[in-house]
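What follows is calculated from the coordinates using simple rules that are stated; it is not laboratory data. Model, not experiment: these values are computed from the prediction. As a convention, Cβ positions derive from the backbone with ideal geometry for all residues, glycine included, and neighbour counts pool all protein chains shown.
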Amino acid sequence: MTFKALMVEKTDDGTQAAVTDLTLEDLPEGEVTVAVEYSTVNYKDGLCIGPGGGLVRTYPHVPGIDFAGTVETSSDDRYTPGDKVVLTGWRVGEAHWGGYAQKARVKADWLVPLPEGLTTRQAMAVGTAGFTAMLAVQALEDQGLTAGPVLVTGAAGGVGSVAVALLSAMGREVAAVTGRPEQADYLTGLGASRIVPREDLNETLKRPLESETWGGCVDAVGGPMLARVLGQMEYGASVAAVGLAGGAALPATVIPFLLRGVNLLGIDSVMQPYENRVRAWAKLAEVLPMEKLEAMVVPATLGDLPGLGVDILKGQVRGRVVVDVNG
Ligand code: NDP
């Protein structure tokens, strides 16, 4: 019996991605075989659909850094056929074949049971980006948010959209940074009370400290924007650094740390222990308004993925692309 997958092959001048037929024997080793229902498109997926950027170890490769579906077979006691499961992280979709296929085989340790109150489609509307947004918000809360509004950079993207909706649902005033003014209505619909144009924060750092403005920040952009934001944080406030859509170099000074006690918190969703994953998923199911989650969804099928992989690297995707692998 065959099933469909998006397979990336190495070619003489780069890589090529196409939907192909596979059999169960083709899948990598693992204790649990899952009938995948939904996967998503994250920034890393864009890299893995294309030339890999050092993320993909071996070709041919099936990308897809997250998925949700139903257990088909399991040699691990924790899972039985029919269980609904979710996977994010553990380099699945990078070093191990991922969710862009109707079947996936993975280690039992990498899975979590589908959180109560979420469907597999909703879990993937959240996906890696939303899970990461939750980890960032939890890190800010653990550190103690100060009084000012919470800034979210890269707000119309996947991490940003979920962060805006989560923070607003938790009663925080949210300022959303976007380079796409046409997404202002979308962002206010998710709960942003203020839109900050990207160009306001993209200028090179002129002064290490500016007015104390933000009580916290979820930063998906990094680069010069993060450097600028550090100098605008309130005394003792924290920035949860999630991504580098705007660059990996950080042209900052130490002054905000020394004179304002600013905290820079690094967020990694890939290697989160089981207990943290279960806790973050439970909180997402509890806090995230489902109508806002639905407003973020861009539906897609396996055949749409090569184009979407290019779009997300250009910062042109809005919200969360949910891939119906059987669609
Ligand atoms: P998206 O592409 O969906 O969102 C990124 C957003 O950043 C864009 O939509 C755009 O928002 C903004 N942006 C893009 N390019 C630039 C630029 N040059 N300058 C300023 N802003 C820019 O990606 P994701 O939300 O999925 O991921 C965001 C980042 O977080 C990525 O770097 C990703 O690798 C990282 N990430 C990290 C994780 C972790 O575990 N630490 C997990 C998941 C993601 P707008 O148009 O609104 O300005």
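Here the stretch 1-102 is assigned +1 on the Cβ of each Lys and Arg and -1 on the Cβ of each Asp and Glu. Its dipole about the Cα centre then comes out at about 300 debye.
In terms of surrounding Cβ atoms within a 10 Å radius of their Cβ, LYS4, LYS314, LYS44 rank from fewest to most as LYS314, LYS4, LYS44.
In the chain, the calculated helix contribution to ellipticity at 222 nm averages -8500 deg cm²/dmol per residue, counting -39,500 (n - 2.57) for every DSSP H run with n ≥ 4.
Here the simple spin-label model places points 7 Å from the Cα toward Cβ, and for ARG78 and GLN316 these points are separated by 4.0 nm. Only aspartates and glutamates eight or more places from LYS292 in sequence, or on another chain, were considered; those with a Cα closer than 17 Å are GLU173, ASP185.
About the Cα centre, and with charges only on the beta carbon of Lys, Arg (+1) and Asp, Glu (-1), how big is the dipole of the chain? Nearest 20 debye, please.
That gives the chain a dipole magnitude of about 640 debye.
The angle between the Cα long axis of helix 274-287 and the main principal axis of the chain comes to about 70°, on a 0 to 90 degree scale.
Distance between the pseudo-spin-label points of ASN326 and MET170 (7 Å out from Cα toward the beta carbon): 3.5 nm.
Taking GluC sites (Glu not before Pro) across the stretch 89-169, the ones in a DSSP loop with at most 12 further Cβ atoms lying within 10 angstrom of their Cβ are GLU116. Here's how it looks for VAL86: its modeled amide H is under 5 Å from those of VAL112, LEU114, which are all 5 or more places away or on a different chain.
Of all DSSP-defined beta bridges confined to the chain, some 60% are antiparallel rather than parallel.
How would you classify the stretch 50-148 from its alpha-carbon gyration tensor, with a ≥ b ≥ c the square roots of the eigenvalues: rounded for a/c under 1.5, else prolate if a/b is greater than b/c, otherwise oblate?
Values: a/c = 2.27, a/b = 1.30, b/c = 1.75.
Judged from the Cα gyration tensor, the stretch 50-148 comes out oblate (a/c at least 1.5, b/c at or above a/b).
Taking the Cβ of PHE3 as the centre, find all other residues whose Cβ is under 10 Å away and add up their charges (Lys, Arg: +1; Asp, Glu: -1). That sum, taken over residues with Cβ under 10 Å, equals 0. If only the Cβ of Lys and Arg carry +1 and only the Cβ of Asp and Glu carry -1, the dipole of the stretch 128-266 around its Cα centre is close to 180 debye.
Is the shape of the chain rounded, prolate or oblate, going by the alpha carbon gyration tensor and its root eigenvalues a ≥ b ≥ c, with a/c under 1.5 for rounded and a/b larger than b/c for prolate? Note, shape of the chain comes out prolate.
Helix 158-169 against the longest principal axis of the chain: what's the angle in degrees, Cα atoms only, rounded to the nearest 10? On a 0 to 90 degree scale, this one is about 60.
Quick one: angle between helix 120-143 and the longest Cα principal axis of the chain, in degrees between 0 and 90, rounded to 10, please. Computed tilt is about 30 degrees. Of interest is the spacing of the C-alpha centroids, which for the stretch 178-250 and the stretch 125-139 amounts to 18 Å. Compare the Cα positions of LEU22, ILE49, THR70 along the charge dipole of the stretch 12-91 (+1 at Cβ of Lys, Arg; -1 at Cβ of Asp, Glu; about the Cα centre) and return the one farthest towards the positive end. It is ILE49, whose Cα lies furthest towards the positive end.
Once each part is reduced to its C-alpha centroid, what is the distance from the stretch 56-122 to the stretch 263-277 in angstrom? One Cα centre to the other: 19 Å. Here the gap between GLU294 and VAL19, fully extended at 0.36 nm per residue and compared with their Cα-Cα distance, gives a gain of 96.3 nm. Farthest towards the positive end of the charge dipole of the chain, among the residues VAL323, THR88, GLY266, is the Cα of GLY266, using unit charges on the Cβ of Lys, Arg, Asp and Glu. With the Cα gyration tensor of the stretch 169-243 giving a ≥ b ≥ c as the square roots of its eigenvalues, does the rule (a/c under 1.5 for rounded; else a/b larger than b/c for prolate; else oblate) give rounded, prolate or oblate? Oblate is the answer for the stretch 169-243, as a/c is 1.5 or above yet b/c matches or exceeds a/b. Using only alpha carbons, the stretch 118-238 has a radius of gyration to Kirkwood radius ratio (Rg to Rh) of 0.96.
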